[in-house]
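Worksheet: the structure to be examined is printed underneath.
Nothing in this text is a laboratory measurement; each read-out follows from the coordinates by a stated rule. This structure is a prediction, so every number in the text was calculated from the model and none was measured.
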Amino acid sequence: MAHRKFRARVLTPEGEVFAGDVEMISTRTATGVVGILARHQPLLAILEPTELRLYRTESEIERFAQAEGYLQVAEGEALILVEEAHRPADLDRAELEERLREARERYEQAAEGSEEQRRAERSVQRLQAFLEVVTA
């Protein structure tokens, strides 16, 4: 069954990585997984690293490895502002695994409760999410 479409945009600091009409958005917020359909109530949410799915139709899905960011739904449009968004085909599994190993080392070596440890922890979470997207 076809759903009503709405406009979605995905922006990173490097620029726009997606703009188009979709039937649904699926992503993870700080409070859990969310699915956005047309006519969704206004929403502002903090996004967690995960797989972002943009459903152009039920069978045509744009997938991205999504980093931290924000989701805004207003006036019939969704705006996704994230630190990074990569198509799975653009990610190198071996490189991600190496970066994850390094981030874990930084976490272990950082002083307990320090900003350096918090940054390393966020890197670990992001890289783990990216690896999950690549292996899915």
| query | Among 53, 101, 126, which one shows the biggest mean-square fluctuation in a GNM of the chain, springs joining Cα atoms closer than 10 Å? | reply | 101
| note | Note to self, the chain gives a 222 nm [θ] from helices alone (DSSP H runs n ≥ 4, -39500 (n - 2.57) apiece, / all residues, nearest 500) of -9500 deg cm²/dmol
| said: Normalised radius of gyration for segment 91-135, please: alpha carbon Rg relative to 2.2 N^0.38 Å, two decimal places. | reply: 1.16
| request: Given the options 73, 124, 33, state which has the largest fluctuation in a GNM of the chain using a 10 Å cut-off (strictly under) for Cα springs. | output: 33
| Compactness relative to 2.2 N^0.38 Å, alpha carbon Rg of the chain | 1.12
| field | Stokes-Einstein D in µm²/s, Kirkwood radius over Cα pairs - segment 6-86 at 25 °C with 0.890 mPa s viscosity | value | 201
